[in-house]
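First up is the structure itself, then whatever we jot down about it.
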Amino acid sequence: MKRTFLKLYLCVVILYMLAITSAQAELLNTWKKTLGTEHFVWQEFRPSDNSMLLEERGYRLTAGLNKEWKQSLDQGEFSRIYQSQFLAYFGRMNYSGESFDENGNTAAVLTNTDYAGLNSVFSLGIRGLSVPAKSSMDLLASLGVNNWIRNIYDSVNAAGQGASGYFEYYLITDMQFALRLNHVGSYINWLRAGIRAPVFNYEYIALPSADFYLYPGRQLSYFADMSLNKRFLNMQKTDLIIYYEGYRFSPSNSVQVAEFLYQQPQSHLDSIGIRLEF
């Protein structure tokens, strides 16, 4: 069942991107496209001593669309900014963690995890001119909706016992607040840094024997990025974006399933990547 869901989700993401591209080809000429890669790390920590319980690490491919609109205000020196961004990503991670048996015994386990998801961000802001005249500063408020699937593969633990994989679906919604400086120096299109305040976190887990829902705790997190213009790359109409994205989750609620108590522990997500924008 979980493998089928994984395939369906991947199809939905791919068809979504293709549908936009084919149905709105002329409109998309005004949108910027991105292709890139990122180094991804997911970590979970034990509640007892905050030591690391598991880690997933690897590279993901990204492809996206983004668009910015500007509307001048009556004041002249200020403009209203609208932004939309859609970013699809997928990749296979190396998983290092532990498995548990019915007696509570643990053993180290190594396997792989597949990730696939879609991150959408909708922004509204105010742009003010500054000195020098070509420079400007944006104050941005955004709504982010990030959802992904996480498919952990079956494996054999260090004790030689089978370790069953499982499937998860995450939905994260948040408010983002950022400051962006535009046209900084000869090669930088913009610099941006911001804070992310979660609104609603949802997690669906499908184990081989049961499925249930959790609500990971909400914590503030941070992000930053910069855009280097075509003069830096010496490539016509192509910019380079370098970015960091962080998510932080405190422990979720607990759910009793049969004789077991399940909880999503404190978790960290960090990704550092590059994207070509054209």
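The values are calculated or read from the model by the stated rules, or taken from the named source; none is laboratory data. This one's a predicted model, so the numbers in the text were calculated from it and none came from an experiment. Here the Cβ is made from the backbone with ideal geometry for all residues, glycine too, and neighbour counts use every protein chain on show.
Tabulated data
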{"read-out": "Identity of the residue in segment 193-212, farther than 16 Å from M175 by Cβ and buried (at least 18 other Cβ atoms within 10 Å of the Cβ), that ends up farthest from the chain's Cα centre (by Cα)", "value": "I205"}
{"read-out": "Residues (small (G, A, S) and over 18 Å from N151 (Cα atoms)) located in segment 36-81", "value": "G36, S48, S51, A63, G64, S72, G76, S79"}
{"read-out": "All positions within segment 141-171 that are part of a strand (DSSP E or B) and farther than 14 Å from A116 by Cα", "value": "A141, S142, L143, G144, V145, S155, V156, G162, A163, Y166"}
{"read-out": "Scope segment 40-88; condition touching a strand residue (DSSP E or B) at 6+ places or on another chain (Cβ under 8 Å) and among the small types (G, A, S); matching residues", "value": "S51, G58, A63, G64, S72, S79, S84, A88"}
{"read-out": "Number of the exception - A258 against (1) touching a residue at least 12 places away in the same chain (Cβ under 8 Å); (2) closer than 29 Å to L139 by Cβ", "value": "(2)"}
{"read-out": "Any hit, segment 233-242, residues being among the β-branched types (V, I, T), part of a loop (DSSP other than H, G, I, E, B) and touching a residue at least 24 places away in the same chain (Cβ under 8 Å)", "value": "yes"}
{"read-out": "Close pairs (9 angstrom Cβ cut-off, 6 or more residues apart or separate chains): without any contact (Cβ under 8 Å) to a residue 60 or more places away in the chain and outside any loop (DSSP other than H, G, I, E, B) in segment 186-210, among the β-branched types (V, I, T) and buried (at least 17 other Cβ atoms within 10 Å of the Cβ) anywhere", "value": "N189/I241; P198/I172; V199/I172; F200/I172; N201/I172; Y202/I172"}
{"read-out": "Any hit, segment 249-265, residues being touching a strand residue (DSSP E or B) at 6+ places or on another chain (Cβ under 8 Å) and within 19 Å of Y59 (Cα to Cα)", "value": "no"}
{"read-out": "Flag for I172 being within 15 Å of the chain's Cα centre (by Cα) and either in contact (Cβ under 8 Å) with a residue 60 or more places away in the chain or over 24 Å from I272 (Cβ atoms) (or both)", "value": "yes"}
{"read-out": "L28 vs. criteria surrounded by 15 or more Cβ atoms within 10 Å (Cβ to Cβ) and at pLDDT below 90", "value": "yes"}
{"read-out": "Residue check, Y243 of a type in the set (F, W, Y) and over 18 Å from the mean Cα position of the chain (by Cα)", "value": "no"}
